[in-house]
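Report on the structure given below.
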Amino acid sequence: MDERHIDIEQGWHRSRALEVATLYELAFGHKFQVAIPSQAQRIHLLAESFNPEYSFVATQKNKIVGIAGFQTPEGSLTGGITLKSLFRVLGFWQGIRAAAILSLFERQPVSGELIMDGIAVDPACRGAGIGSALLSSVIAFADEDQYLQVRLDVIDSNPRARKLYTEKGFVAIKSESFPSLKRLIGFSGSTTMIYHLRGD
């Protein structure tokens, strides 16, 4: 695949929500599986909850082949997933259960910080530098908007992602281990990494 034919831009039209949700599900469905066992319900929830402006997408021949979400104090790509939307898609009791589990993944940016909200690339297009290009776009956006740093968490079972972040200049600042939660959230540890844009 020729990376020169990949276009990257911020945001996407809401008519493409299902396409984006399906791509996001391929990369992160396992993360939400315990909270929302049904793949169809996960995709439906994502499609109706995404905030497109908090993302960059990579397209090839008008097909979205990659997405990078981010979170700021004003909002996030997945910020539309609320208790109300969970009730609507899952019902009351399943919605309560899902909300409790999903709360374990919640992160809040501090002042001057942008948080990465995941990178997903079409499996057929991996290895073409799309993830790296999307990450660079998010970093450039954060720099232009005068953020001090970009933060992300990489799980212990994804060394390939950590290698990419390290090569981009992210520095590990904290590692956490929680083996007792592995059955619930799908991984037993994560590392917080920071990309400094200005200051120390």
Any hit, the stretch 94-115, residues being surrounded by 14 or more Cβ atoms within 10 Å (Cβ to Cβ), farther than 20 Å from GLN71 by Cβ and of a type in the set (Asp, Glu): no
Selected residue (criterion: nearest to GLU9 (Cα to Cα)) from residues of the stretch 65-87 that are among the aliphatic types (A, V, I, L, M), surrounded by 18 or more Cβ atoms within 10 Å (Cβ to Cβ) and free of Cβ contacts under 8 Å to residues at least 60 places away in the same chain: LEU77
Pair list, Cβ under 7 Å, 6 or more apart: the stretch 23-46 residue surrounded by fewer than 22 Cβ atoms within 10 Å (Cβ to Cβ) and in a helix (DSSP H, G or I), other residue at pLDDT 85 or above and of a type in the set (Lys, Arg): GLU25/ARG42; GLY29/ARG42
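Residue under question is VAL154, and the condition is that it be part of a helix (DSSP H, G or I), closer than 22 Å to GLU25 by Cα and within 14 Å of the chain's Cα centre (by Cα); does it hold?
So VAL154 does not fit the description; no.
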Residue pairs meeting the criteria (Cβ under 9 Å; at least 6 apart or on separate chains; first free of Cβ contacts under 8 Å to residues at least 60 places away in the same chain, in the stretch 135-147; second part of a helix (DSSP H, G or I) and surrounded by fewer than 17 Cβ atoms within 10 Å (Cβ to Cβ)): SER136/LYS168; ILE139/LYS168
Residue within the stretch 96-112 that is assigned to a helix (DSSP H, G or I) and either hydroxyl-bearing (Ser, Thr, Tyr) or on the phi > 0 side of the Ramachandran plot (or both) present: yes
Members of the stretch 145-173 that are farther than 17 Å from GLU106 by Cα, in contact with a strand residue (DSSP E or B) (Cβ under 6 Å, 6 or more places away or on another chain) and modelled with pLDDT of 75 or more: TYR147, GLN149, ALA161, ARG162, TYR165, GLY169, PHE170, VAL171, ALA172, ILE173
Selection from the stretch 113-146 of residues that are in contact with a Gly (Cβ under 6 Å, 6 or more places away or on another chain) and not in a helix (DSSP H, G or I): ASP117, GLY118, ILE119, VAL121
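The values are calculated or read from the model by the stated rules, or taken from the named source; none is laboratory data. From a predicted model like this one, the values you see are computed outputs, not experimental measurements. Methodologically, a virtual Cβ is constructed for each residue, glycine included, from the backbone with ideal geometry; neighbour enumeration extends over all protein chains shown.
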